[in-house]
Amino acid sequence: MTAIDPSPGLAKLALAHCGVEARCLKAQDLDYEGCFDLVWACASLLHVPFAEMPGVWQRIARALKPGGIAFVTLKKGDFEGIRAERRYCDYTLAKLEQSGYREAGLKLIYSGESFDRRPGRGDEVWGEFCF
């Protein structure tokens, strides 16, 4: 397993609490080629500015082995900006269609939704996507 996180603090916590060494790396700097059967990006790409997503999709596609799958969750909505002192970019299906995944050679094979299960956040909806 290979883990990445752009936060040095969270990368250290992954090792301390899970025994997983996480490389400190932003999705925009992903530099793997043909290494992974699966890329799992659960609630992480929502911090990438929309304008940078075409490059991120290119990097994810390059990181996958032939026949590999990417699973991505993004908060559903049409907001982009700062919320609670962090950058967020929410997605509708139409916005996802414009994000550049097709141009990166990825094909959407599953699209679904789920509600946030954390206390007090049951009204938040997540988009789930497999490419």
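In region 81-94, the qualifying residues are those that are more than 15 Å from the chain's Cα centre (by Cα) and charged (D, E, K, R), and the one that is farthest from ALA51 (Cα to Cα) is GLU85.
Among the residues of region 27-48, none qualifies, meaning not one is surrounded by 18 or more Cβ atoms within 10 Å (Cβ to Cβ) and among the hydroxyl-bearing types (Ser, Thr, Tyr).
Being in a helix (DSSP H, G or I) and modelled with pLDDT under 95 is the filter here, so list the residues in region 11-45 that pass it. Outline the logic, then answer.
Looking only at region 11-45, we keep the residues that are in a helix (DSSP H, G or I), and these are 11-18, 27-29, 45.
Hits for region 11-45 are ALA11, LYS12, LEU13, ALA14, LEU15, ALA16, HIS17, CYS18.
Tallying residues that are outside any loop (DSSP other than H, G, I, E, B) and without any contact (Cβ under 8 Å) to a residue 24 or more places away in the chain within region 86-100 yields 2. Is there a residue in region 66-85 that is touching a strand residue (DSSP E or B) at 6+ places or on another chain (Cβ under 8 Å), in contact (Cβ under 8 Å) with a residue 12 or more places away in the chain and in a helix (DSSP H, G or I)? No, that holds for no residue.
No other residue among ILE109, ILE69, ILE60 is in contact with a Cys (Cβ under 8 Å, 6 or more places away or on another chain), crowded, with 16+ Cβ neighbours inside 10 Å and modelled with pLDDT of 95 or more apart from ILE69. The condition of being more than 12 Å from the chain's Cα centre (by Cα) and assigned to a helix (DSSP H, G or I) holds for only one of GLU52, GLU103, that being GLU52.
The values are calculated or read from the model by the stated rules, or taken from the named source; none is laboratory data. Note that the structure is a prediction, hence the values are computed from the model and not measured. Cβ sites come from the backbone with ideal geometry, for glycine too, and all protein chains shown count toward neighbours.
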